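Visitor: Below you'll find the structure I mean.
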Amino acid sequence: MPAVVDVQHLRKAYGGVLAVDDLSLEVEEGEIFGLLGPNGAGKTTTVECMEGLRHPDEGQIRVLGLDPSREPRELRRRIGCQLQQAALPDRIRVWEALDLFAALAPQAAPWRVVLERWGLEGRGRAAFSSLSGGEQQRLFVALALINQPQVVFLDELTQGLDPAARRVAWDLVRSVRDRGATVILVTHFMEEAQQLCDRVAVVHRGRVAAVDSPQGLISRYGGGVRVVFSTPAHQDADWLRRVPHVSGVARHGPRVEVSGDGPLLAHLGAALIAHGMEPADLRLEQPTLEDVFLRITQAPGGVPPER
């Protein structure tokens, strides 16, 4: 089955600034695909080229089999977009915004149904400026989905939201995918990507530096795991280096950090018990997607080697 989104060798420059440099990626039907990268990495430019809002200088893009530059009208009937900078007039009412957007889409869902579907019932007559941050994001998602799109682009959906509103937005994204749409999510929040995305692409200096599932990237670039526990400062810990899967042991006062890979925790726990040690605070610390992101984007000369 062909990819829902297929980008090959995309290049886009603004004057003398090369924003996207030979970027290629594919997005499969029904997945939540994340685009991660530092500010200025080229994420938003890439998405805007996919949406037909910008024209690439070089390369080929197909979204649902359509060329965004040559077939923008047909494409926009089949996609939904929540842009990085989204706003509505302060005094427009929720139902008015939904009714206006529905009038522009021949296959739009009834706005009253959308109002209820996205948890805005009871707020239909409220002015946009009176909505909470979480309610505004619900409305933006509802507007992006009112034409019942096959592909949805969400750019920095949770920027500026408090933790509670961010969790609500995450549920919205999952609901979008569960209703059959493919989601492309641009985000700076590593926890968000790790929680939501089936696959992520790390964009760095205008190119895709790595792409995999969040756990796949952690396994490839995470650098192993650590087991941490406390013992009396005078107690010897060097013998732990002989335990299978241990690659290093470091002590910081009473805190002992044991690094390694594979089933490290199981082997280390068994060895500690065999030595008559049962630390109450024994815990496994695994690398996160944020650790991997920093390792990839800060590697001198490019992507770091895989483990």
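Laboratory data are not the source of any read-out in this text; all were calculated from the coordinates shown. None of these values were measured; they are calculated from a predicted model. All Cβ positions, even for glycine, are placed from backbone atoms using ideal geometry, and neighbour counts span all protein chains on display.
Visitor: Please find, in a Gaussian network model of the chain (springs between Cα atoms separated by less than 10 Å), the residue of ALA97, ALA280, ALA271 whose mean-square fluctuation is greatest.
Guide: Judging by the Gaussian network model, the answer is ALA280.
Visitor: For the stretch 205-210, what does the Karplus curve 6.51 cos²θ - 1.76 cosθ + 1.60, with θ = phi - 60°, yield as ³J(HN,Hα) per residue in whole Hz, taken in order and with x for Gly and Pro?
Guide: Running phi through 6.51 cos²θ - 1.76 cosθ + 1.60 with θ = phi - 60° gives 6, x, 10, 7, 7, 6 Hz.
Visitor: Within a Cβ distance under 10 Å of TRP170, other residues only, what is the Lys/Arg minus Asp/Glu net charge?
Guide: It works out to a net charge of 0.
Visitor: Before anything else, pin down the relative contact order of the stretch 224-286: Cα pairs under 8 Å, at least 6 apart, normalised by residue count, whole percent.
Guide: With pairs under 8 Å counted, the relative contact order is 46 percent.
Visitor: Here's a follow-up. Quote the FRET efficiency, to the nearest 0.05, computed for ASP178 versus ASP281 with a Förster distance R0 of 35 Å and r equal to the Cβ-Cβ distance.
Guide: After rounding to 0.05, the efficiency reads 0.35.
Visitor: Same structure, new question: Restricting to Cα pairs below 8 Å that are 6+ residues apart, what does the relative contact order work out to for the chain? Please round to a whole percent.
Guide: Normalised by residue count, the contact order of the chain is 19 percent.
Visitor: Between VAL113 and ALA274, what length comes free when the chain is fully extended (0.36 nm per residue of separation minus the Cα-Cα distance, one decimal in nm)?
Guide: Separation in residues times 0.36 nm, less the Cα-Cα distance, equals 51.7 nm.
Visitor: I've got another one for you. Could you give the size of the charge dipole of the stretch 21-110 about its Cα centre, using +1 on the Cβ of each K and R and -1 on the Cβ of each D and E, expressed in debye and rounded to the nearest 20?
Guide: In debye, rounded to 20, the stretch 21-110 gives about 460.
Visitor: Rounding to the nearest 10 and keeping the result within 0 to 90°, find how far the Cα-based axis of helix 133-145 lies from the longest principal axis of the chain.
Guide: So the inclination is approximately 60 degrees.
Visitor: Just want the ordering: TRP118, TRP239, from fewest to most Cβ atoms lying within 10 Å of their own Cβ.
Guide: TRP239, TRP118
Visitor: At a Förster distance of 30 Å, what's the computed FRET efficiency of GLN298 paired with GLU31, Cβ-Cβ distance as r, to 0.05?
Guide: With R0 = 30 Å, the Cβ-Cβ based efficiency is 0.60.
Visitor: Still on this structure: Name the most mobile residue of PRO244, PRO56, PRO214, meaning the one with the largest mean-square fluctuation, in a Gaussian network model of the chain with Cα contacts below 10 Å.
Guide: PRO244
Visitor: Cut-off is 10 Å between beta-carbons; in what order do ARG138, ARG117, ARG54, ARG125 appear when sorted fewest neighbours first?
Guide: Least crowded to most crowded, the residues run ARG125, ARG117, ARG54, ARG138.
Visitor: Which net charge results for the neighbourhood of GLN82, defined as the other residues with beta-carbon distances under 13 angstrom from its beta-carbon, given Lys and Arg at +1 and Asp and Glu at -1?
Guide: Result for the neighbourhood of GLN82: -3.
Visitor: Also, I was wondering about something else. Once the other residues with Cβ under 10 Å from the Cβ of SER24 are scored (Lys, Arg +1; Asp, Glu -1), what is the net sum?
Guide: Here the charged neighbours net out to -2.
Visitor: Using DSSP to call loops (not H, G, I, E or B), can you name the trypsin sites (Lys or Arg not before Pro) in the stretch 142-179 whose Cβ has at most 15 other Cβ atoms within 10 angstrom?
Guide: ARG179
Visitor: Grab the DSSP H runs of the chain that are 4 residues or longer, score each as -39,500 (n - 2.57), total them, divide by all residues and round the 222 nm result to the nearest 500 deg cm²/dmol.
Guide: -9000 deg cm²/dmol
Visitor: What's the extension gain from ARG255 to ALA103 if we count 0.36 nm per residue and subtract their Cα-Cα distance?
Guide: 48.4 nm
Visitor: Right, something else. At 4 °C and a viscosity of 1.567 mPa s, what translational diffusion coefficient does Stokes-Einstein give for the chain, taking Rh as the Kirkwood radius over Cα pairs? Give it in µm²/s as a whole number.
Guide: Taking Rh from Cα pairs, D becomes 59 µm²/s.
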